[in-house]
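Taken together, the values in this text are just the output of simple stated rules run on the coordinates, not laboratory data. Predicted model, so just to flag it, every value in this text is computed and none were measured. Reconstructed Cβ throughout: ideal geometry from the backbone, glycine too, with neighbour counts over all protein chains shown.
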């Protein structure tokens, strides 16, 4: 792992997204439900005139989060865009170090910082699992 | 020259000129030895298209010269290479064509004889050039015209801004209305003025990017009549939706494919009057050209009521899994005979390439004896549609106004064979809850709830909602590729109050309502008896997409990362009914996997569908040679195609 990452919190767990994959961080805002979609799909929101699909990142990673998920990380990969609802966006930092292999398919690895394991999100893999869970 | 609209000739000139540029480039590349592998195919298609279009606009000198060039290229295509000695006469013929296209041509009996002789002399035989090295004619200065060239992206930026301005306007109206300023005289006047200005701006901006289909179809009825007369057939052309606006860049490139399709239909589709009468059809054949906006795309359909595909083609389509794939293979012809009316193997593959170059797709439907329907789906740069907005269970939905028949309030309902229905003017229409149909939690219905009657694909459904919010012109926004598997929605629109309206596809709603109690969006749970599909793909994204599509359709899905992985699985468990595989993969390619399956001791009959990003003829051939049952290209990848193919092969 080497590069600038946006770090975020979900419940008691911490994750990081490579900054190249982050367009912006927004409030959760008002979501319109999208009937016919899976439980990880929270709905769509109006983000400055664009329609942004928002997903429950905790549910995708199958972990427990606080109620509410007030923040949205707007992630992008090769033109595919999705909002990832999280508890908190903590900071933007340069991460460097040897990654340990991670079990979850949506993670490219994990690194240990200040005694806490940080999962590095692989946005491409995360998006394919989101696309699979959308319907 | 016959009397044809000058607009059509102008379009022909632009297109032919572009194709001639490419022909010359390709010939020169062949001479240098660095041409693309499909160079001869590309030459053949370009010349063929020029011939066809020139015939259509009555430029007989052009079509005569192009015809002999095409002949020579057809034999080169057959031999797999173009003889070096043939390049020079083809270059000179291209120059002569260019002069004709520019309106300065003269008949070329010498060139025609030379090229005919070159073809007769055979591929390898040296051909003496009659003239020294080719000379490119100096292009004349552009004809006096008051048009300017603007990059399409600049107009797209303008359109985006217009779309945003429409949204801004709705927001402003909403805010002013909410704060009670709406009644103020000056504010009202300025708002009215703003609305008129915005309408003008919208019209002008859209007009820069789009033209109605009618701008290219005007000469078609006459051309169809002439072609029909030439072949001794009676054909009537019916144009529906000529006012449909299409992207200008697409429209200009669309006349060629349309001409191809009409010529095909007249040449091979529609039968002679006697043959039609013997088959119990009216002597006069019917050809329909229809355009219709559906969300952010326009569907252009060419349909005939002729003889349709042959039984042999149908059998091939069954074997390969897709009629569209069979008919759009390079070299496939719907006719046995070679005539000047229609081609010898060019047609649908060129139309498909065109449609895909525009970011669209093609679909063909046909049955022996029952005509053919070719559907082109083309994108729109700015999609504005009029919708009826309704509310149900807390969500706002929009129905395209074109599909809305009427809105009534719910009175007495009746029950037909256990299904709810309402009666309107003596006709009973199936009644459904909009919430349930789209897959939302069904909330209690209000009393005397409004009911909207939608019509699509010849069927109707009456939908119960909570409130009618009114009619609005909205900008269609795509839900994005992550949600592309949701066929229910045409997209979404942002309303004046910032809320999002979900634009529902009436055709899908009508279909869903026809299935008793089962909403289309509720994925059936795979039963233990459901067929098992093995998806072999090294890209995780595509693998998971295919898995989700197949699972949503009720299949049980197993995945493998490459051919070796797949083969291990087949050798071990073996409980697989069909394989869907990519071609380029590490360890073992899809072609090698297919060959291994065909050579397998016990599983050699396992159906294999190849899905690949490689769309060229060689690759297709490799796949077919290896024994694949169907072949699909990712660029045109469509989940309906995949499901249709899989369904056909596992016989569900």
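For this structure, a couple of remarks:
- Spin-label proximity, residue B:173 to region B:456-486 - amide N less than 11 Å from point 7 Å beyond Cα toward beta carbon: B:471-474
- Here's the picture: a label point sits 7 Å out from the Cα of residue B:561 along the beta-carbon direction, and within region A:104-126 nothing has its amide nitrogen under 11 Å of it.
- Ordered from longest to shortest, the equivalent ellipsoid semi-axes for the protein assembly as shown are 47, 35, 30 Å, each the square root of 5 times a Cα gyration tensor eigenvalue.
- Taking all C-alpha pairs of region B:391-486, those more than 16 Å from each other amount to 60 percent.
- Average silhouette area of region A:12-65, convex hull of alpha-carbon atoms, in square nanometres: 4.6 nm²
- Fewest-first ranking of B:352, B:320, B:471, using other Cβ atoms within 10 Å as the exposure measure: B:471, B:320, B:352
- Computed extension gain for residue B:283 through residue B:598, at 0.36 nm per residue and net of the alpha carbon distance, reaches 108.5 nm.
- The ranking of B:49, B:581 by Cβ neighbour count inside 10 Å, starting from the fewest, reads B:49, B:581.
- The Cα-based radius of gyration and maximum Cα-Cα distance (Dmax) for region B:63-115 are 11.3, 35 Å.
- Likely footprinting exposure, B:608, B:239, fewest C-beta neighbours within 10 Å first: B:239, B:608
- Net lengthening on full extension, residue B:14/residue B:152 (0.36 nm per residue, minus Cα-Cα): 48.0 nm
- Rg to Rh, two decimals, where region A:69-135 supplies the alpha carbon set and Rh follows Kirkwood: 0.98
- Per-residue [θ]222 nm for the protein assembly as shown (sum of -39500 (n - 2.57) over DSSP H runs n ≥ 4, rounded to 500): -12000 deg cm²/dmol
- Relative to the longest principal axis of the Cα atoms of chain A, the long axis of helix A:123-134 makes an angle of roughly 30 degrees.
- FRET E, pair residue B:587, residue B:79, Förster distance 35 Å, beta-carbon r, rounded to 0.05: 0.40
- Over all projection directions, the Cα-based convex hull of region B:6-123 averages an area of 6.4 nm².
- Entry note: region B:190-313 has Rg to Rh equal to 1.15, where both radii use alpha-carbon atoms and Rh is the Kirkwood radius.
- Convex hull projection area averaged over all views, region B:214-287, Cα basis, nm²: 4.9 nm²
- Cβ-Cβ distance of residue B:272 and residue B:457, R₀ of 41 Å, FRET efficiency by 1/(1 + (r/R0)^6): the value works out to about 0.80.
- A simple spin-label model places pseudo-atoms 7 Å from Cα toward Cβ; at residue B:310 and residue B:38 they are separated by 2.5 nm.
- Cα-based Kirkwood hydrodynamic radius, chain A, one decimal, Å: 14.9 Å
- Potential lengthening of the chain between residue B:370 and residue B:229 amounts to 48.5 nm, from the contour at 0.36 nm per residue minus the alpha-carbon distance.
- Per-pair calculated FRET efficiency, R0 = 30 Å: residue B:532 and residue B:621 via Cβ, rounded to 0.05: 0.55
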